[in-house]
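K.L.:
Here it is: the structure, laid out below.
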Amino acid sequence: MRAVDLIAKKRDGAELSHDELAFLTDGYCRGDIPDYQMSAFAMAVLFRGMTPAETASLTLAMARSGDQVDLSPIPGIKVDKHSTGGVGDKTTLIVAPLVAAAGVPVAKMSGRGLGHTGGTIDKLESIPGFRAELQREAFLAQVSEIGISVIGQSGNLAPADKKLYALRDVTATVESIPLIASSVMSKKIAAGADAIVLDVKAGSGAFMKTAAEAEKLAQAMVRIGTEVGRQTAAIISDMDQPLGYRIGNALEVQEAIETLQGIGPEDLTSLCLTLGAHMAVLGGVSASVDEAKEFLKSKLASGEALEKFKAFVAAQGGDATVADDPTKLPQAFYEVEVAADAQGYVASIDAERLGHAAMLLGAGRAAKDDAIDYGVGLTLRKKAGDPVKIGETIAVMHVRTPSGFEDVMEKVRASYVIQAEKPALRPLVLSVVT
Ligand code: URA
């Protein structure tokens, strides 16, 4: 087999076999196939697309290129959850203990943030003492004992995807649905879950800007799951404004705790119940999504979900008393209010711009090795649909110094779209693909 022939085959619109895709993926991962051939292949895929069988083969080849986590020692159906990345998205902090309290074992690997989106591991590490690096045995033992562990992604998970994604990033080949779908799913499959619930974001703060694109990506990922024997469901959710009111690591932990206490924002609570309900159904603890939602609501109301969060944090060395006293979380020293410069109603909030603003305050990383400041970030005072007057506070910046953030303040203000008429808001959950 020669790489050049396979590139030509894809260029001409023919279907590649499982073995041909494994040859390309393995050869590239080992270094036998050079970057210039793999980028030509990626560009051919971008223009020609891939059949469902090809997409599944590429996914499996990438999933098998490195560590494959074996979760079989843990009893029960292990259901993973993945978000394609949003702003203010702290759902894992809520959904994971919530479904664990309902009897679905959660053995999850999460990532760190880069650019305008935050990462679950950074958020968890804002809790004093929390350790995200556990040995494999300790990770499995904790899930067997208390039903939940969330750790950082192993460095050798789907290395072929890591290499290909970096290549796509610099060859204008990221925007291909089969390549994105196989990239995401390869990591989920290597992480060992039996079933997967995906939260595919659509909107200004998301990778997929429209609901139609997000739905196509969701369908491709659900199809891969089905092809490789992992039941998969995808929720398409709105990212035309951030989720909840808080953006920034410790601020988001605080909002997650409030949600587990049953006093969180309505949008965040509702999305967590939807994601959790699909996990409970795939995990076999509920017969239907509606039944699962009621079951999960009872776990919030009884305090069991919050207790599970505390047990999880404590098991990983964190100070679980932050759940009773959030002032123990890292705090920024100053609060600077951002005032509206227009009157009317908030129509939408550019989540990507706001995520960048939070990053500039120090809550996120511009480059992979940047340090982050856990205490800083933003609290929104106004969200889409809210009336607003000129001079009224729309958001608060939590910062380390009282001045020097004028450009960020402008970015925050500019991310609010204010119009004269009350807007018609689209629902948070746009559709579900199963
Ligand atoms: N996220 C991924 O993990 N892979 C992609 O290709 C795009 C987004």
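The values are calculated or read from the model by the stated rules, or taken from the named source; none is laboratory data. Just so it is clear, the structure is predicted and the values come from calculations on it, not from any experiment. Positions of Cβ are backbone-derived with ideal geometry, glycine not excepted, and every protein chain shown enters the neighbour counts. The protein model used for the area step is the full one, side chains on, heavy atoms only, and it has no ligands, DNA or RNA in it. Shrake-Rupley method; radii C 1.70, N 1.55, O 1.52, S 1.80 Å.
K.L.:
Right, residue 237: within 13 Å of the ligand (Cβ to nearest atom), among the polar types (S, T, N, Q) and either crowded, with 24+ Cβ neighbours inside 10 Å or on the phi > 0 side of the Ramachandran plot (or both) or not?
P.N.:
no
K.L.:
Of all residues in segment 404-425, which are in contact (Cβ under 8 Å) with a residue 60 or more places away in the chain and either surrounded by 14 or more Cβ atoms within 10 Å (Cβ to Cβ) or among the small types (Gly, Ala, Ser) (or both)?
P.N.:
Scanning segment 404-425 gives 405, 409, 412, 413, 414, 415, 416, 417, 418, 420, 423.
K.L.:
Also: Any residue at all in segment 177-192 that is touching a Leu at 6+ places or on another chain (Cβ under 9 Å), within 23 Å of residue 104 (Cβ to Cβ), open to solvent by 30 Å² or more (accessible area, probe 1.4 Å) and within 15 Å of the ligand (Cβ to nearest atom)?
P.N.:
Scanning segment 177-192, I find at least one residue that is touching a Leu at 6+ places or on another chain (Cβ under 9 Å), within 23 Å of residue 104 (Cβ to Cβ), open to solvent by 30 Å² or more (accessible area, probe 1.4 Å) and within 15 Å of the ligand (Cβ to nearest atom), so the answer is yes.
K.L.:
Of the residues 229, 283, which is away from the ligand (no atom under 16 Å from the Cβ) and either buried (at least 22 other Cβ atoms within 10 Å of the Cβ) or among the acidic types (Asp, Glu) (or both)?
P.N.:
That would be 283, the only listed residue that is away from the ligand (no atom under 16 Å from the Cβ) and either buried (at least 22 other Cβ atoms within 10 Å of the Cβ) or among the acidic types (Asp, Glu) (or both).
K.L.:
Then there is this: Exactly one of (1) at pLDDT below 95; (2) assigned to a loop (DSSP other than H, G, I, E, B); (3) on the phi < 0 side of the Ramachandran plot; (4) open to solvent by 20 Å² or more (accessible area, probe 1.4 Å) is unmet by residue 356. Its number?
P.N.:
All conditions pass for residue 356, except number (2).
K.L.:
Do you know which residues across segment 139-172 are within 16 Å of the ligand (Cβ to nearest atom), in a loop (DSSP other than H, G, I, E, B) and crowded, with 22+ Cβ neighbours inside 10 Å?
P.N.:
Once the filter is applied, which keeps residues that are within 16 Å of the ligand (Cβ to nearest atom), in a loop (DSSP other than H, G, I, E, B) and crowded, with 22+ Cβ neighbours inside 10 Å, segment 139-172 yields only 158.
K.L.:
If you don't mind, there's one more thing I want to ask. Which condition does residue 284 not pass, out of (1) under 30 Å from residue 104 (Cα atoms); (2) within 24 Å of the chain's Cα centre (by Cα); (3) in a helix (DSSP H, G or I); (4) not aromatic (Phe, Trp, Tyr), if it passes all the others?
P.N.:
(3)
K.L.:
Checking residue 45 against (1) closer than 22 Å to residue 197 by Cα; (2) within 14 Å of the ligand (Cβ to nearest atom); (3) not aromatic (Phe, Trp, Tyr), which single condition isn't satisfied?
P.N.:
The single condition residue 45 does not satisfy is (1).
K.L.:
Would you please name the residue that is farthest from residue 297 (Cα to Cα), looking only at residues in segment 242-260 that are touching a helix residue (DSSP H, G or I) at 6+ places or on another chain (Cβ under 6 Å) and outside any helix (DSSP H, G or I)?
P.N.:
Restricting to residues being touching a helix residue (DSSP H, G or I) at 6+ places or on another chain (Cβ under 6 Å) and outside any helix (DSSP H, G or I), the top hit is 248.
K.L.:
Follow-up question, since we're still on this one. Restricting attention to helices (runs of 4 or more DSSP H) lying wholly within segment 1-115, give those where 2 or more residues are touching a residue at least 40 places away in the same chain (Cβ under 8 Å) and either open to solvent by less than 10 Å² (accessible area, probe 1.4 Å) or of a type in the set (A, V, I, L, M, F, W, C) (or both).
P.N.:
Output list reads 18-30, 35-48, 52-63, 91-101.
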